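*Asks:* Just passing along the structure, written as structure tokens.
Any read-out appearing in this document is the output of simple, stated calculations on the displayed coordinates, not a laboratory observation. All values reported here derive from a predicted model rather than from experimental measurement. Ideal geometry is used to build each Cβ from the backbone, glycine not excepted, and the neighbour counts take in all protein chains shown.
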Amino acid sequence: MTNAENVLFIAVMVIYLITMLLYFFFVIFKKTPLAKAAGGFQAAGLLIHTAALVLRGIAAGRLPMTNQYEFATCFAWGLCLVSLIFIVKFRFPVLGAFSAPVTFLIIGYAAMQSREIHELMPALQSNWLGVHVSTAVISYGSFGVSFVLSLIYLFREKAKEGGFWDTHIPAREKLDLISYRSVCLGLLFLTLTILTGAIWAERAWGSYWSWDPKETWSLVTWLIYAVYLHLRLRRNWKGKLAAIFAVAGFVCVIFTYIGVNTFLPGVHSYK
């Protein structure tokens with residue numbers, strides 16, 4: 001089972017690489033069939049990625065979400081899923097040219113981690129694991145898409161009007177709106193992540209909150225995006241500043257995941 005999962009994981013990396021290159025070629029050569037091919041490869045990669053995660057779960061006898069490798073590959077899966085949904089919903093293949101490299105970098109980070117399967121510590125042997133980590137995966141994936149959309153917004157400001165970019169990139173106002181919706185989705189699921197984590201912590205350790213580094217930085221991340229939404233709703237804060245704010249928020253997401261595990265180990269640290 002583990003060997004099959006490893007084969008599928010390698011296949012996923014190759015497919016995500018091909019997807020990224022096809023999206024790049026679409027932007028460079030401006031050929032719509034390349035975008036369709038890239039979307040097809042992305043969908044195929046997502047299906048194979050799902051199969052790899054299922055096999056990992058069967059081999060481990062639990063949900064594959066408890067160490068650095070497993071969460072990284074789930075993170076990449078979530079970003080691939082959310083970005084594909086936005087690409088299809090808004091007919092926006094250029095999004096893939098920006099999201100595919102991020103997905104490939106995250107899956108590449110996963111490839112550098114240990115794939116050994118370890119028995120869970122007692123505190124992690126809970127049904128709350130699936131709910132808590134699944135909501136985090138969707139949240140991080142949504143914030144990743146808002147990050148990519150914000151980069152496109154900033155790029156769109158510099159791009160020349162007319163031609164390919166007007167055809168394949170929505171107007172800045174629509175980009176801003178899509179990014180806002182992605183942030184809303186991410187913040188909703190991050191809220192669920194924090195709430196389910198608090199309930200789980202109380203049952204496992206007898207305390208809802210212990211100011212563990214991961215808890216603290218998750219709260220910081222939540223506050224950043226909450227401020228983003230507050231400024232947007234109360235001050236009508238849109239455009240370039242909102243895009244920069246969303247980029248900064250995702251930097252905080254990455255630090256919460258990788259930086260905290262590396263520099264501020266605690267009870268939430270992945271191995």
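*Asks:* For the pairs LYS31/LYS174; LYS89/LYS214; LYS30/LYS174; LYS174/LYS214, flag any whose C-alpha to C-alpha distance is greater than 27 Å.
*Replies:* LYS89/LYS214; LYS174/LYS214
*Asks:* State, as an integer percentage, the relative contact order of the range 1-115 based on alpha-carbon contacts under 8 Å between residues 6 or more apart.
*Replies:* 33 percent
*Asks:* Mind sorting GLU202, GLU70 by how few other Cβ atoms lie within 10 Å of their own Cβ, fewest first?
*Replies:* In increasing order of surrounding Cβ atoms, one gets GLU202, GLU70.
*Asks:* Can you tell me which of 231-237, 90-96, 127-133 comes out highest on packing, and rank the rest after it, using the mean Cβ neighbours within 10 Å?
*Replies:* Going by the mean number of other Cβ atoms within 10 Å, highest first, we get 90-96, 127-133, 231-237.
*Asks:* Moving on. Taking only C-alpha pairs under 8 Å that are 6+ residues apart, what is the relative contact order of the chain in percent?
*Replies:* It rounds to 18 percent for the chain.
*Asks:* What length, rounded to one decimal in nm, is gained on full extension from HIS230 through to ASN127, with 0.36 nm per residue of separation minus their alpha-carbon distance?
*Replies:* Here the segment from HIS230 to ASN127 would lengthen by 33.7 nm.
*Asks:* At 0.36 nm per residue, and after removing the present C-alpha to C-alpha distance, how many nm does the segment from VAL251 to VAL220 gain when stretched out fully?
*Replies:* This chain segment gains 10.0 nm when fully extended.
*Asks:* State the extension gain, in nm to one decimal, for the chain segment bounded by PHE25 and ALA198, taking 0.36 nm per residue of separation less the distance between their alpha-carbons.
*Replies:* 57.7 nm
*Asks:* In addition: How do the peptides 212-222, 22-32 rank, highest first, by the average count of neighbouring beta carbon atoms within 10 Å per residue?
*Replies:* Going by the mean number of other Cβ atoms within 10 Å, highest first, we get 212-222, 22-32.
*Asks:* Helix 68-89: angle to the longest alpha-carbon principal axis of the chain, degrees 0 to 90, nearest 10?
*Replies:* Relative to the chain, helix 68-89 is tipped by roughly 30 degrees.
*Asks:* Taking the 0 to 90 degree range and rounding to the nearest ten, how far is the long axis of helix 128-158 tilted relative to the main principal axis of the chain, both from C-alpha atoms?
*Replies:* Orientation of helix 128-158: about 20 degrees from the principal axis.
*Asks:* Going by how many other beta carbons lie within 10 Å of each one, how would you line up MET121, MET20, fewest first?
*Replies:* Ascending number of Cβ neighbours within 10 Å: MET121, MET20.
*Asks:* If you rank THR262, THR193, THR19, THR50 by fewest surrounding Cβ atoms within 10 Å, what's the result?
*Replies:* Fewest-to-most ranking of THR262, THR193, THR19, THR50: THR262, THR50, THR193, THR19.
*Asks:* Right, next: Please determine, in degrees from 0 to 90 and to the nearest 10, the orientation of helix 2-29 with respect to the longest principal axis defined by the Cα atoms of the chain, where the helix direction is its Cα long axis.
*Replies:* 20 degrees
*Asks:* With the Cα gyration tensor of the range 1-115 giving a ≥ b ≥ c as the square roots of its eigenvalues, does the rule (a/c under 1.5 for rounded; else a/b larger than b/c for prolate; else oblate) give rounded, prolate or oblate?
*Replies:* Prolate, since a/c reaches 1.5 and a/b exceeds b/c.
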